[in-house]
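A.B. asks: Before anything else, here's the structure in question.
Each reported figure results from applying straightforward, stated rules to the coordinates on display, with no laboratory input. This one's a predicted model, so the numbers in the text were calculated from it and none came from an experiment. Every residue, glycine among them, receives a Cβ derived from its backbone with ideal geometry; neighbour counts consider all protein chains shown.
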Amino acid sequence: MCSEGLRERYVNPYTDFAFKLLFGTDLNKEILIGFLNALFDGKQVIEDVIYLNTEHLGSKETDRRAVFDVYCENEKGEKILVEMQRGEQQFFKDRSIYYATYPIREQAIKGEIWDYELKAVYVIGILNFALDDVSSSGFRHEVKLMDTTTHEVFFDKLTFVYLEMPKFHKTEQELDTLFDKWMFVLKNLARLMERPTALQERVFNRLFEAAEIAQFSKENLYAYEESLKVYRDWNNVIDTAIQKGIAEGEWMKAKAIAGNLKNAGLSIAEIAKVTGLSEDEINSL
């Protein structure tokens, strides 16, 4: 079934419904495992995952609730959080650190003697924006606790991986690695009308099957359309805020120029012509 209002062949993975459908369901477990193995690139190989409860409460009723996009455990008991961050958030790094505390605290053995040995925790953030305070042009950032003197990893059981999607610019012809292919499909899936010839690995068979809108049930189609509407509304709010900020910035700049020209003795009419401000705005300076 396909809605007449949707022209895309494949879902937009940045929507909440599509991301959780592709990466957060037992039916599509193969997709998540394939993505994670490409991400880790041989540092470890995940054979299986068990999906865990994505909604978490603190130790007290008054504690803040945390809801994860995808939360799972591999066959070694290591915890993996995968978050799709659709819009820029002022304290995004803080939130990712806060989220990491949940799979750490859950490992405490209650009522028994516990030696504090932890299983590894991975927090993976797929970001639909560029981090303001990161100067590197690279799109992937792997963060661990490090000794600032020796620059060596101090603790290797807590890893944060941030993927800045706007910084990934490779075309289909430039895809060198399996991870490149994952980045390409995540960024471009909603714009594709055919499966790219470069993406022939078996895991992508399942991905494109699961992502095809025409195969959705009526219930899933409705859920996706609602999720897509929320995503588009969110983008419109962000775009409007950006344009408003630019407009306000240009107006303030024009006022500063007008003040300088006024002090230099130019006529109000001349200043209005140069800056685009009204004569009333210039007179009020």
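A.B. asks: How much net charge surrounds ASN37 when only the other residues with a Cβ under 13 Å from the Cβ of ASN37 are counted, with Lys and Arg +1 and Asp and Glu -1?
C.D. replies: -2
A.B. asks: How high is the relative contact order of the chain, given as a whole-number percent (alpha carbon pairs under 8 Å, six or more residues apart)? Can you show the working numbers first?
C.D. replies: Values: 362 pairs, mean separation 60.3, N = 285.
Value for the chain: 21 percent.
A.B. asks: For the chain, what mean projected area does the convex hull of the alpha carbons give, in nm²? Don't skip to the answer; put the middle values down first.
C.D. replies: On the way: hull surface 95.3 nm².
Hull-based average projected area comes out at 23.8 nm².
A.B. asks: Quick one: Kirkwood hydrodynamic radius for region 102-160, alpha-carbon pairs, angstrom, one decimal?
C.D. replies: Value: 14.3 Å, from the Cα pair sum.
A.B. asks: Could you tell me which residue out of VAL153, ALA130, MET84 lies farthest along the dipole of the chain toward its positive end? Charges go on the beta carbon: Lys and Arg +1, Asp and Glu -1, centred on the Cα centre.
C.D. replies: My answer, from the dipole projection, is ALA130.
A.B. asks: So, one more: By how many nm would the segment from GLU226 to GLU30 lengthen if fully extended, with 0.36 nm per residue of separation less the alpha-carbon distance?
C.D. replies: Working: separation 196, 0.36 × 196 = 70.56 nm, distance 2.60 nm.
Fully extending the segment from GLU226 to GLU30 adds 68.0 nm.
A.B. asks: Considering only DSSP beta bridges with both partners in region 63-173, what is the antiparallel share in %, to the nearest 5?
C.D. replies: 45
A.B. asks: Separate question: So, counting K/R as plus one and D/E as minus one, what does the shell of residues with Cβ under 13 Å around GLU194 add up to?
C.D. replies: Computed value for this residue: 0.
A.B. asks: Another one. Counting just the Cα atoms, what span does region 41-141 cover along each of its three principal axes? Round to the nearest Å and put the largest first.
C.D. replies: 47, 40, 23
A.B. asks: Kindly rank 142-155, 17-30, 89-102 from highest to lowest mean number of other beta carbons found within 10 Å of each residue.
C.D. replies: 17-30, 89-102, 142-155
A.B. asks: Also, I was wondering about something else. Picking from GLY111, ASN283, VAL143, whose Cα lies most toward the positive end of the charge dipole for the chain (charges on Cβ: Lys, Arg +1; Asp, Glu -1)?
C.D. replies: ASN283
A.B. asks: If you don't mind, there's one more thing I want to ask. Ignoring everything except DSSP H segments at least 4 long, calculate the 222 nm mean residue ellipticity for the chain; use -39,500 (n - 2.57) per segment, divide by total residues, nearest 500.
C.D. replies: -13000 deg cm²/dmol
A.B. asks: Measure nothing but the geometry: give the 0 to 90° angle between the long axis through the Cα atoms of 218-263 and the longest principal axis through the Cα atoms of the chain, rounded to 10°.
C.D. replies: The answer is roughly 30 degrees.
A.B. asks: Here's a follow-up. At 0.36 nm per residue, and after removing the present C-alpha to C-alpha distance, how many nm does the segment from ASN283 to ASP233 gain when stretched out fully?
C.D. replies: Additional length available on full extension: 14.0 nm.
A.B. asks: Kindly work out what percent of the DSSP beta bridges joining two residues of the chain are antiparallel, to the nearest 5.
C.D. replies: On the way: 17 of 31 bridges.
For the chain, the DSSP antiparallel bridge percentage is about 55.
A.B. asks: Calculate, in nm to one decimal, what ASP176 and GLN89 gain on full extension: separation in residues at 0.36 nm each, minus their alpha carbon distance.
C.D. replies: 28.2 nm
A.B. asks: Dipole of the chain, Cα-centred, from +1 at each Lys and Arg C-beta and -1 at each Asp and Glu C-beta, to the nearest 20 debye?
C.D. replies: 360
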